[in-house]
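Just so it is clear, none of the values below were taken in a lab; they were calculated from the coordinates. Only a predicted model underlies this, so the values are computations on that prediction, with no experimental measurement involved. Cβ coordinates were reconstructed from backbone atoms using ideal geometry, including for glycine residues, and neighbour counts include every protein chain displayed.
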């Protein structure tokens, strides 16, 4: 199974290494051709505004929307969560507008406010997972069709809607491939 990682900015190498550990063939996606060759896509962290501009300028955003609406699994981590959201709190625009969540950008503060917690995410793993929040967003609200996988202090930090997965934190910078394996299970079930 080939899983793409949007390779514009963010923890691309870390996601690719985790995908290998989880049993997938990672593909760095920078062009249309590469996007059509993958079974699924990860939108890594970075600057959502910059990545959104890149997606518009390259037409990759349009293709991601088309493929996601046709069932391709897409996982957004941190900035990727913002890219997936249908609403961004206090903003008048959205990037891909695919997932029925209302996301607040930089909700936990600046880089200095980054933190790590350990929590179980029962859909993913029964054991507590290390969750790394770096200038992280969170979802203030989700529509009824969205499965909330984890809340932290009443804020949605992991959610799934059909073939879409969003996490406010960075599983790729830990030593645990559980979230990547969970995503690959989503891809496998979608391919059946």
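Remarks
- Contact order, relative form, for segment 1-139: 17 percent (alpha carbon pairs under 8 Å, 6 or more residues apart, mean separation divided by residue count).
- GNM flexibility winner over the chain from 166, 123, 68 (Cα, springs under 10 Å): 123
- Only Cα sites of segment 23-87 enter the Debye sum here, all with the same form factor; the resulting log10 I(q)/I(0) across q = 0.12, 0.14, 0.19 1/Å is -0.27, -0.37, -0.71, listed in q order.
- Separation in nanometres of the label points that stand 7 Å from Cα toward Cβ, at residue 140 and residue 188: 3.9
- Taking every DSSP beta bridge that has both ends in segment 28-176, the antiparallel portion is near 70%.
- Gaussian network model of the chain, Cα within-10 Å springs - most flexible of 90, 163, 106: 90
- What separates the Cα centres of segment 11-39 and segment 116-185 is a distance of 20 Å.
- Calculated [θ] (222 nm, deg cm²/dmol) that DSSP helices of n ≥ 4 give over the chain, each run adding -39,500 (n - 2.57): -8500 deg cm²/dmol
- Segment residue 148-residue 9, extension gain: residue separation times 0.36 nm, minus the distance between their alpha carbons: 47.3 nm
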